[in-house]
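Here's the structure we're looking at; comments come further down.
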Amino acid sequence: MDAPLSPGLYIVATPIGNLGDISLRAITTLRGVAAVACEDTRVTGKLLHHLEIKQRLIRYDDHASEATRDHILALAGEKPVALVSDAGTPLISDPGFKLVRAARERGIAVTSLPGPSAAIMALTLAGLPSDRFLFAGFLPSKDKARREALRGLAAINATLVLYETAPRLTDALAAIGEELPAREIAVARELTKRFEECRTGSAAELIAHYTAAPPKGEIALVIAPPGAGPAVEHDVDALLLAALATEKASQAAAAVSRATGLDRKVLYARALELK
Ligand code: SAM
């Protein structure tokens, strides 16, 4: 039997794909609260079903009425109440800010159970400076507004982390390539899931790749800070020649593709020329 939780608002991070990433504390908290406020009761219902937890769910997002917020906060003043989003850490491009602010104003205890967030995971994978970073959420979907937003980020002396959708990826990369030229970019896709990848390159290289192989799934972008030098230029011939010393052209191309993120078919053609 877990120790009873004290009243208050518990911000609980949930997995961004791999259900194994739920923490032990998240499980005991979701089991021990009086209710779970969530973005979508079906999504959270599925997670709780997987965890074999039965809970009272209250639909909540930052557009919810004052009455809904009051109801959740009145409950949290007397009992433990969790807030989760569909995936990852609540408040990170997800609802919760208004609820946490109002809870603090009313003197209600607020605590947070850290866990998965695509932004942090992408930053840890990209191989770009991680000492200073700015998370800027989603770029606007319209080209003019997107470019304005990028111009506002151009002078910031930090690695940038953004969220993007698969259908908009190549348009976003084109705008990034023009407004933030000569930056190395990482496309972190389907993190923690079966087809997880983190592909780095210049905007042009990534556009070429994702035009040939349109991406699916969820995407976070990581962009090098200004002045960090141009996108990594791989000495492709040297890498291929080294691999060809021990492997067939197809295997060499596959190995260099994995290492550089460059297109395997292009590398295979070059490997045949070099042989
Ligand atoms: N609160 C979440 C978090 O902490 O990561 C983010 C919620 S936001 C509404 C959803 C966006 O996060 C997706 O469109 C995508 O840009 C990014 N994202 C979420 N899961 C992801 C994953 N598994 N791989 C890559 N990006 C992901």
**Request:** Could you check what % of the DSSP bridge pairs in the chain are antiparallel, to the nearest 5?
**Result:** 45
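With both partners inside the stretch 123-253, how many of the DSSP beta bridges are antiparallel, as a percent to the nearest 5? Could the numbers behind the result be given before it?
Working: 16 of 20 bridges.
Close to 80 percent.
Taking neighbour Cβ counts within 10 Å as the exposure measure, how do His50, His209, His63 sort from fewest upward? Walk me through the intermediate numbers first.
Numbers: His50 11, His209 19, His63 8.
Listed from fewest to most nearby Cβ atoms, that is His63, His50, His209.
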**Prompt:** For the chain, with only Lys/Arg (+1) and Asp/Glu (-1) charged at the beta-carbon, what is the dipole magnitude about the Cα centre, in debye rounded to 20?
**Reply:** 500
**Asked** Under 16 Å from the 7 Å Cα→Cβ point of Ser6, by amide nitrogen: which residues of the stretch 72-110?
**Response** 76-81, 104, 107-110
**Fill in**
Glu66 and Phe97 label points (each 7 Å along its Cα→Cβ direction) are spaced in nm at 2.0
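Under the 0.36 nm per residue contour assumption, what length would be gained going from the current alpha-carbon distance of Val110 and Asp143 to full extension? Before the final figure, lay out each step's value.
Numbers: separation 33, 0.36 × 33 = 11.88 nm, distance 3.88 nm.
Length gained between Val110 and Asp143: 8.0 nm.
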**Asked** Mind ordering 74-82, 236-244 by average Cβ neighbours within 10 Å, highest first?
**Response** 74-82, 236-244
**Request:** For Arg264 and Ala74, compute 0.36 nm times the residue count separating them, minus their Cα-Cα distance, and round to one decimal in nm.
**Result:** 62.6 nm
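Using the Cα gyration tensor of the chain, with a ≥ b ≥ c the square roots of its eigenvalues, what is the shape: rounded (a/c below 1.5), prolate (a/b larger than b/c) or oblate (neither)? Mind showing how you got there, number by number?
Values: a/c = 2.91, a/b = 1.96, b/c = 1.48.
Prolate is the answer for the chain, as a/c is 1.5 or above and a/b outweighs b/c.
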**Fill in**
In terms of the alpha carbon gyration tensor, root eigenvalues a ≥ b ≥ c, rounded if a/c is under 1.5 and otherwise prolate when a/b exceeds b/c or oblate, the stretch 119-233 is rounded
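Rounded, prolate or oblate: which one fits the stretch 27-75, using the alpha carbon gyration tensor with axes a ≥ b ≥ c (rounded when a/c is under 1.5, else prolate when a/b beats b/c, else oblate)?
oblate
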**Message:** Could you identify which residue out of Ile219, Ile16, Ile58 has the top mean-square fluctuation in a GNM of the chain using Cα springs shorter than 10 Å?
**Reply:** Ile58
**Item:** Modelled FRET efficiency - R0 25 Å, Ala238 with Ala212, Cβ distances, 0.05 increments
**Value:** 0.55
**Asked** Listed here are the pairs Lys46/Lys216; Lys144/Lys265; Lys144/Lys193; Lys98/Lys142; which of them are more than 30 Å apart at the Cα?
**Response** Lys144/Lys265; Lys144/Lys193
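Since every read-out is calculated from the coordinates, none of them should be taken as a lab result. Bear in mind that the values here come from a model prediction, so they are computed numbers and not experimental data. Here Cβ is always computed from backbone atoms with ideal geometry, including for glycine, and neighbour counts include all displayed protein chains.
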